[in-house]
Structures are given as structure tokens and as C-alpha cells.
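Accompanying notes for the structure given below.
The values are calculated or read from the model by the stated rules, or taken from the named source; none is laboratory data. Just so it is clear, the model here is predicted, and its values are computed rather than measured. We place every Cβ from the backbone using ideal geometry, glycine too, and count neighbours over all the protein chains shown. Areas reflect the complete protein model, heavy atoms only, side chains present, ligands, DNA and RNA absent. Shrake-Rupley method; radii C 1.70, N 1.55, O 1.52, S 1.80 Å.
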Amino acid sequence: MGSGVHGMEGGGVEESLAELRQTFRSGKTRTASWRKSQLKALLRLIHENEDKIFEALKHDLGKHAVEAYRDELGVVEKSANNSLSCLDEWMAPKKSKLPWLFFPASAQVLPEPLGLVLILSSWNFPISMALDPVIGAISAGNSVVLKPSEQAPACSYLLAHTIPLYLDSKAIKVIEGGKEISQQLLEQKWDKIFFTGSSSVARIVMSAAAKHLTPVTLELGGKCPVIYDHLSSPSDTEVAVKRIVGGKWGPCNGQACIGVDYVLVEEKYASQMIEMLKKTIKKFYGENPKQLQNISRIVNEHHFQRLRNLIKDPLVADSIVHGGSIDEENLFIEPTILLDPPLDADIMTEEIFGPLLPIITLKNIEESIEFINSRPKPLALYAFTKNEAFKRRILSETSSGSVTFNDIMVQFLCDTLPFGGVGQSGFGSYHGKYSFDNFSHEKAVLQRYFILELEPRFPPWNDFKLNFIRLAYKFDYLGLMLLLLGLRRD
Amino acid sequence: MAEDSETKKVFDAEAAASLMKDLRGSYASGRTRSYEWRVAQLKNMMKIVDDHEQDILDAIRADLCKPDQEAYIAEISIMKSSCMRALGELHRWMKPEKVKTSVTTFPSSAEIVSEPLGVVLIIGAWNFPLLLSLDPAIGAIAAGNAVVLKPSELCPATSSLIAKLVGKYLDSSCVRVVEGAVAETSALLEQKWDKIFFTGSGRVGRIVLAAAAKHLTPVTLELGGKCPVVVDSDINLPVAINRIAGGKWTSNNGQACIAPDYLITTKDFAPKLIDALKHQLEAWYGKDPLESKDLAHIVNSHHFDRLLKLLDDDKVSGKIIHGGQRDKANLKFAPTILLDVPEDSLIMGEEIFGPLLPIFTPGKRFVPTVGPLFQTGSLFRRQNNNVDKLEECFDMIISRGKPLAAYLFTNNKKLKKKFVKTVSAGGLVINDTVLHFAEKTLPFGGVGESGMGSYHGKFSYDNFSHRKSVLYKGFAGDASARYPPYSDRKLKFLKALLSGSVIGVILALIGWS
């Protein structure tokens, strides 16, 4: 009771929400001191439970501690610290400059919390995808319900039982559960819903939100391509390949929304690239495919079968040039490279979200632009190139959530860049101040005074007033002066 | 509802799909992206308003009997100033925004590049039929999109004029108008848009959002709500009355999303305020407002009947203290003031969107309309002074859902502060009404039931853009700590790197060697 953890009953959900709304109405969550206290408490939660978190991640996804820190705990700590140091600045009203016509007046934009927000997080980064948006919601002064993914059960359990020990459980609650609980939650009226996951579930979330006119942010995915232009320097090539391997199999073994999905390379460089990829895979993950080190496993049986089916098609299987072995019992699929699988096969039409890497060859690397444009807009686009003109073309002729040149995934760590999708990869963004803004309403406030009234604003209408308005909208102050003087002469 | 447009072909699902195909082809050609194209379109938008001012005023008058000056102020002037601002600022808006990077991604540089979303749909409203179709289009075109406009069918003359002028002046390979009503709008909504911008009611807003959800299309909804005006006694009454009456009755006779919906003042001050209001109304509209040429008409008989129903409600019929005259045949409705109607009456249950102004005086019991979820313990506090009484009515305002705008007239700093802090609305104005609409540096949009997203000025440009993050990295400085095989040392280094502490990183590196 009062632990902030709720099970399946509808009554339980509604009661919790009533309490959260009450807390929000009391104004408690709006003070800077409350918000900072929560952020500090969150940092303590991470520090004091580091081992437990590592253990839960190992249990759910087989993540190594370094990967877990780099992609989850580190991200959350960084985010909380950034919010703490910037919060006062973010909360301050922003003054607007007004034209003389409005004199005397002052205007500002004041950020205020939206109210009660729902955060639905994903299973692949079950700690950071849950807590990073929570940091944004708290920084902006909202009450929060977090529904962690049931597909990462140890992490969900850990969050549900640890958060109430550190954070204000009258304002922040974790509700565990699967589809049924999600449905119950989606029937409620929220002031904002923040969803990370697949586009099929996103449609359900957005349709539910539509009934209540609830704004949503959708952080989805897509097939994130790597454009691999030939690099003349061998050391650059080595770095590029390391980054591609690290960016494909490093984050949750390919199960990442901004992870590498496939690579585009010119025909003549493909085999060299593949050789380097193979070498690097061995170096990072070990020689024995059955005992891969330092790599996460596939999250569950359902996704394992999904991935297995992607390479079942004989034409696809034929294109495998490295790996391909599977271990169903341990939910392992070896890092697998494919060379030119059929473009209409599922592996090239659906987001892979796993350790399979298609290499698609082109006659000329510039064709990659058209290739990418003929497919839905991805969350991230990566390009390894030193050709400045090509970079400019990629930037202006393709569309994606983000573009990173000569590296993979690191854009995620840059707090000054908005992180979010476009088109099928989602809408809305967060990280840094964008998180704060995401969960805020920017309220315009115009302050006027009683002196100096502009009579022409009001009826009865006449030609003088019409002329005045014409000049006023052009900010033609001289004209206005002359008009006024002209009237006085009459 | 209104009839189908008079074009020969019916605009059905097939026509919508074909339209979409055309526009996607045009957009894919890259035409709309250049600065030159955008500027040419914006200049031509300006020409539409400059060269056809009289045609526009005639059409709006035909549709709404809006006085020319009112239409000029509220629609034409704002259009012109929007165009001018976009033309003047576009160069700056289109520039990438450089941002700082930290040691975590060292060495790197980063920027945010704005790009158009693609093919966007703008659904206009009937009350400002020119402005609410073309003003969003200014933002969409400035941002480099291809655009489909669907003006309101409730204003057929304006809709048809927009179709004609847009067809004549703008690039019809990329900007098109579809006229029509429910059937045509539904056909359009089935398509996959890159953005939908809707101005109208919450009921239709839900339909639009549900249709958009199928395609994961982002949406801006400019809706409405019951915009309250709170009036303190310690003010310059003549100026306040001008502004309140102006905001209410010169905005399309109350049929405006940011027009004052209802008014709250103290019991003591109410008689003086009401008297001043009555005098002002008579000065503006004469003894018989139905004869005045300066008052806009109700848009159609459906809305006229809706307003009648609000007045004919048993609970309020005895509360009318001014006005109430109406002429259904000519869709004329006089400015009407009511005093202390019951809070559960129809007129207080929905957005009025008309010339009826209920006035409330605290001292009565205010019961929140939303049940136990909103507890207002302060209601039963003993009232000491006027300001306290007015402060308490903020709860009444909050309990009715967040409106698009809220207004307060006062010189009392404490009241102002409390109002700004407590009342959530799209926008707030102190000591005036509706004016924030004209100020382009302020985002104009709702929150909660009054909508989502905002526009005007650069906010319009951003509304129809995707702000794409771009990170430039070199090949130097590759930290092996990123890669497997993982180790405790690498963990230490990563901790330092992610903390953003340069010293931490150096120490970790030293510890390494």
C-alpha cells in the first residue's frame, strides 16, 4: 500500500491517478526545489543500486556491465546532472521583444508543466528509456506514471520497487504490467503521453490519445542506414569499421532504434569491407560463435523467432557471408553479415532490430541517396565520408531524425541536439532542454497597461481608423504620425 | 451541412490519392526547397491580399456580414504582416543552428538543420475564413512544404475565392486548394500526410487526430475553449470596457476562439461594469443593434439555433440583463449580457462562440465541474476583500479545462502574479484581450482541450519543419573504451567520459597508462 506499485485492477489505476492529479493540483511539483530534490534522489538511486541494475540488465538482456553503463546508467546520470545544473535557466520566463506599436506592453513566454504524464518505455534499454523521459517530466514539474516494458521483467520489477524508495510516490508512480494494464492506462485522460517502441503499438497509443486530445511524443525506429563511402586512409577505414561493428552489435546486439540496420557500399569495396568487418567482430566478440563475449542476447523467444524467420528465406540464407548460426536455448544469434539479400525480402523491408547486417552494393555511392529516399524516413542516418559535397547532398536530399557523419550512435550523447524522429520514425524530441520543453506548455503572457489606448482598434468604424490600421500593420510609424497630425489639423 | 463544391467531379478517395501522388511527385523534385521558390510564393501571397483586397472583403461580407474594417483588421492586416515577417526573416530561419558539443563526443561539431516535412494538409475554419487558411499556409510554404488547403465550406464565397486566387497566383504543382465539406475532408484525411494543421472545434479535432494516428502523422490543433475575463475593481474602466467589448463583439460578434467567453468580477463592482458595458454597446451599435452595420452575423442557422438554445434554457432565461434581440431570417444576434447564470446551465457547459456574455460575481458558491479529481479547499474560506474573492474564482476557471486564452484586468500585482502562475491557458493577456494574436514573437496555440502545437512568426516555420540533428565527427580520438572486449578499466573511463568532466577523462586516461 502506498508503495507506488500497482497490479491489474482498474480501480487501482484510477485511484493512483486521482492521487497524482491531486498532488499536481497542490502545486508541489512546480517548485524548483521539489524538482531538484527528485533529480538528486534519482541520482542516488542509480549510484546506490548500480549492481542491482547491472544484474537486472544481465538477466533481461545479457548486457555486460560496460555496455549497461555506457548505454543506460551513464545516460541517466548524465541527463539528471544536466537537468540539475540547467533547471533554473530552463524554468525562467523568456522575454519577447515587442514592436513599438504595442507600447506600452511587455511579453514573455512562461514554461509550465502539462500536468499528469504517462511514459511508456521500451525493453531494449529498459533503464534509460524509462528514466530519461522521467527526468524530463520531473524537470518540467509534472506528475508521472511510468509503465516499463514487461518484456524486460527484472528491470521493470527493479524500477517498480526501487523508485518508491527514492522518489515522491505521491507524484511519481510506476505501474507494471502487460497489454491489459497498458490498455487501461491508455483509456485514461493524460496531459501528455511519451511512447518509445514500435510503430504498430504507436498507432494504438496515438488513437487512444486522440479521444482525449492528448499530445504525444513517439520515439520509434526505422531502418537506419550507413552510407559507407570509400576512405583513402587505412587508419580511417579501420576506425570506420570499428565504429560500424560497435554501432551494430554493441547496443543491445542490434536491438536499438538508432543502431545500424544495413550498410550501403560501392560494389568494388564490398569484399574488403566484409573482411574487415569479420576481423573486427572476432576481435570484439571472440572466435567462438557459441560463446560470444561482451554481447547482449535476443530479448525473448518471440523476437528470436522473428529474426530467425528473416534468414529462413532460401534467397536470403544464400546471401549470408558470415555467421548465421543460432542457439535457440540461449537466445543467441551469431553476428551475421549478408551480401545483397533480395530487396523485397522482409529483412530489407522491415526494421531488423537484431544482429543481422545486410550489405547492399551500389555501382556508385551517390545512389545511396535515392535508395534511402525510396524508403521510410529512419530515426538516424549514418555516413562515413570525407567528401564535403557528398555530405551536403546527403543533408539536403535525405530526411531522417538525425544525421551523424563518421560515427555511429554518439549523437545520442549530445544534449544540445534534439533526439527524435520524423515520418515513420516518430515525432517530438527530447534530451537536454528538449526533454524539459517536451513536457512543458509554453504559455504566452502579454502584459498591457491602461495608458495610451489605440482608439482605431474599436468601432464605430470609419475611414480614418481604416487608414490607421493599414499603416499600423506595416509598422509605418512615420505614416501614423502624419495621419495623426493630419487629423489634428482638422 | 453545406453542399459539395460546384466543381464537376466529386472529390473522393480516388481523387485524394491522385492529388497526393501529384504533390509527392512535385515535392520529391525538390522544387519547394529553394529559398527562391519560397520567396516567390510568399510574394505572391502578398499580392493576393494586396491586389484583391476588395474581392476578399466582399467575399467575407457575403459569408459572414463582417464589417469591412473588422475583416481588414482581423484578416487582411494580419495576413500582410505575416507575409512581410516571413519574407524578412526567411533567410535567417533557414540557416542551420550551430550547437555546442561536449567532451563526451570530442572531437565533434554539431548543428540543427531545419527541413520541410513534405506534403502538408491545412484545414481552415469558418470564422476567419481567409486568415485561418492562408496564415498557416505562409508557415508551411516558408518551411518548404507542398501544401493542400481545405478552406471551410461554411464560407462558400471565401472558399471559392481562395481556390481561385491560390490557383492563379501560387505554384499549383505544389500548392492546391480542395473545396468541400465532410465527404471531401474525410477523403483527404485518409491520405498519409506529413503534417496536418487543423483549426476548429474539439469534436472535429478528435476526428482529425484519430485519422492522423493511422499514419503516425503529427498534428497541430488550434481549438478553443471558454476564455474567461476576470475584472478587478481597481482599474481604468473606460479603457477596460473598450478592450473587453472589443475582444468580444468586434471579433466576429463573439464567434472567435480567443473572444472572451464569460466574465468574472466582484459583486460590488458588477453594477458599474455592467452599466459601462451597456453604454459602450449602445455607443457602438446604437439603440437597436440589429440595425447596426458594424456587427457581424451568426454564420448559419445551425449555429443560430445553438445560441438560441443556450438562451432559452430555463435556468438562464431570467438572467438576461441586456440585449437578447435576434433576427433569425437575417442571422442577426444582438450583444447579450447575462448575470449569474447557474454554473450547470448549458451556456456554461460549452464554448459559447457567439455574442452572449455571462457575468459572474463571486460570493456565490462555485462548484468545480470536474468531480473529486479537483479538490478546491479554498472555496469555503472566508472572503476578506475583492482580490481574495477574485483569486478564488481561479479555481472555477481551472476546473473548466484549459482555454485558448484567459484575460485579467487589474492593477494589483499580487493578483496578476497569482493569475499568471495558476491559470493555465494557451496564452494570457493582462489588461487587454485578444491582442496577443497579433504579436508574432509569441507562440499562439492551445494546451489540453484548447489544442496542441503553436504558430505565428517563426513558430509557424518551426511547426512545419523537422529540426534535424547533425553531428560531425572526425576519425581522430577514437576511444577504445567504447568497444569490446569490455573491462573494468573501460568502465571507469566511460564513467568519466559520460560525466562530461574533462579532468575525469584525463585522470582515467592516466590511470590507464
Search region B:239-260 for residues being polar (S, T, N, Q) and assigned to a loop (DSSP other than H, G, I, E, B), and hand back the single one that is modelled with the lowest pLDDT. B:Ser251
Of all residues in region B:60-114 being basic (Lys, Arg) and free of Cβ contacts under 8 Å to residues at least 12 places away in the same chain, the one that is nearest to A:Lys78 (Cα to Cα): B:Lys100
Which numbered condition B:Arg85 fails, given (1) out of contact with any helix residue (DSSP H, G or I) (no Cβ under 7 Å at 6 or more places or on another chain); (2) away from chain A (no Cβ under 13 Å); (3) open to solvent by 10 Å² or more (accessible area, probe 1.4 Å); (4) closer than 20 Å to B:Tyr72 by Cβ: (2)
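If you go through region A:110-129, how many residues are within 25 Å of B:Ser424 (Cβ to Cβ) and open to solvent by less than 10 Å² (accessible area, probe 1.4 Å)?
Let us first name the residues in region A:110-129 that are within 25 Å of B:Ser424 (Cβ to Cβ), namely A:110-120.
With open to solvent by less than 10 Å² (accessible area, probe 1.4 Å) added as a condition, the list becomes A:112-113, A:115-119.
Looking only at that region, the number is 7.
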For B:Leu435, the lone unmet condition from (1) under 18 Å from B:Ile78 (Cβ atoms); (2) open to solvent by 40 Å² or more (accessible area, probe 1.4 Å) is (2)
Tell me, which residue of region A:53-80 that is out of contact with any helix residue (DSSP H, G or I) (no Cβ under 7 Å at 6 or more places or on another chain) and on the phi < 0 side of the Ramachandran plot is farthest from the other protein chains (Cβ to nearest Cβ)? A:Glu55
Among the numbered criteria (1) in contact (Cβ under 8 Å) with a residue 24 or more places away in the chain; (2) in a helix (DSSP H, G or I); (3) touching a helix residue (DSSP H, G or I) at 6+ places or on another chain (Cβ under 8 Å), which single criterion is violated by A:Ile372? (3)
I'm checking my understanding of the structure. Among residues of region A:334-365 that are surrounded by 17 or more Cβ atoms within 10 Å (Cβ to Cβ) and free of Cβ contacts under 8 Å to residues at least 60 places away in the same chain, which one is nearest to A:Val245 (Cα to Cα)? A:Thr336
Single match in A:Phe450, A:Phe439, A:Phe475 (criterion: touching a residue at least 12 places away in the same chain (Cβ under 8 Å), touching a helix residue (DSSP H, G or I) at 6+ places or on another chain (Cβ under 8 Å) and surrounded by fewer than 21 Cβ atoms within 10 Å (Cβ to Cβ)): A:Phe475
Does region A:386-399 contain at least one residue that is within 18 Å of B:Thr105 (Cβ to Cβ), in a loop (DSSP other than H, G, I, E, B) and more than 8 Å from chain B (Cβ to nearest Cβ)? no
So B:Ala496, is it out of contact with any Lys or Arg (no Cβ under 6 Å at 6 or more places or on another chain), of a type in the set (A, V, I, L, M), open to solvent by 20 Å² or more (accessible area, probe 1.4 Å) and farther than 30 Å from A:Pro99 by Cβ: no
Please indicate, with yes or no, whether at least one residue in region A:95-105 is touching a helix residue (DSSP H, G or I) at 6+ places or on another chain (Cβ under 8 Å), in a loop (DSSP other than H, G, I, E, B), more than 18 Å from A:Gln38 (Cβ to Cβ) and in contact (Cβ under 8 Å) with a residue 60 or more places away in the chain. no
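Kindly state which helices (runs of 4 or more DSSP H) lie completely within region A:195-299 and contain at least 1 residues that are within 26 Å of the chain's Cα centre (by Cα), polar (S, T, N, Q) and closer than 22 Å to A:Phe412 by Cα. Before the answer, list the steps.
Details: elements: A:199-211, A:234-249, A:267-285.
In region A:195-299, the matching helices (runs of 4 or more DSSP H) lie at A:199-211.
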Collect the residues in region A:423-439 that are over 11 Å from the mean Cα position of the chain (by Cα) and at the interface with chain B (Cβ under 9 Å from one of its Cβ atoms), keeping them in residue-number order. A:Gly423, A:Gln424
Regarding B:Arg61, is this residue closer than 21 Å to B:Lys95 by Cβ and surrounded by 15 or more Cβ atoms within 10 Å (Cβ to Cβ)? no
So, B:Ser160, is that one of a type in the set (S, T, N, Q), more than 30 Å from B:Leu509 (Cβ to Cβ), buried (at least 24 other Cβ atoms within 10 Å of the Cβ) and away from chain A (no Cβ under 11 Å) or not? no
Sort through B:Lys309, B:Lys272, B:Lys278 and tell me the only one that's of a type in the set (D, E, K, R) and farther than 17 Å from B:Ile241 by Cα. B:Lys309
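Residues checked against (1) in contact with a strand residue (DSSP E or B) (Cβ under 7 Å, 6 or more places away or on another chain); (2) at pLDDT 95 or above:
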residue: A:His322; (1), (2): yes, yes
residue: A:Glu328; (1), (2): no, no
residue: A:Pro342; (1), (2): no, yes
residue: A:Gly354; (1), (2): yes, yes
residue: A:Glu370; (1), (2): no, yes
residue: A:Ser402; (1), (2): yes, yes
residue: A:Phe412; (1), (2): yes, no
residue: A:Gly423; (1), (2): no, yes
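Quick check on region A:126-136. Is at least one of its residues more than 17 Å from the chain's Cα centre (by Cα) and part of a helix (DSSP H, G or I)?
From region A:126-136, those more than 17 Å from the chain's Cα centre (by Cα) are none; that's our starting set.
Scanning region A:126-136, I find no residue that is more than 17 Å from the chain's Cα centre (by Cα) and part of a helix (DSSP H, G or I), so the answer is no.
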List, please: which pairs have Cβ atoms under 8 Å, are six or more places apart or on different chains, and start with a residue in region A:225-241 that is touching a residue at least 24 places away in the same chain (Cβ under 8 Å) and of a type in the set (D, E, K, R) and end with one that is part of a helix (DSSP H, G or I) and surrounded by fewer than 21 Cβ atoms within 10 Å (Cβ to Cβ)? A:Asp229/A:Phe390; A:Glu238/A:Met276
Going residue by residue through region B:440-457, is there one that turns out to be farther than 15 Å from A:Glu442 by Cβ and in contact with a strand residue (DSSP E or B) (Cβ under 8 Å, 6 or more places away or on another chain)? no
Tally up the residues in region A:50-101 that are open to solvent by 30 Å² or more (accessible area, probe 1.4 Å), of a type in the set (Phe, Trp, Tyr) and within 19 Å of A:Phe412 (Cα to Cα), please. 0
Do we have B:Met79 as open to solvent by 20 Å² or more (accessible area, probe 1.4 Å) and part of a helix (DSSP H, G or I) here? no
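In the list A:Leu186, A:Leu277, A:Leu220, which residue meets the criterion of being surrounded by 20 or more Cβ atoms within 10 Å (Cβ to Cβ) and more than 30 Å from A:Leu131 (Cβ to Cβ)?
On the way: A:Leu186 fails: more than 30 Å from A:Leu131 (Cβ to Cβ); A:Leu220 fails: more than 30 Å from A:Leu131 (Cβ to Cβ).
The unique qualifying residue is A:Leu277.
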Residues of region B:291-305 that turn out to be within 30 Å of the chain's Cα centre (by Cα), within 15 Å of B:Gln325 (Cα to Cα) and in a helix (DSSP H, G or I), as a count: 2
Quick check: anything in region A:474-487 within 16 Å of the chain's Cα centre (by Cα) and more than 7 Å from chain B (Cβ to nearest Cβ)? no
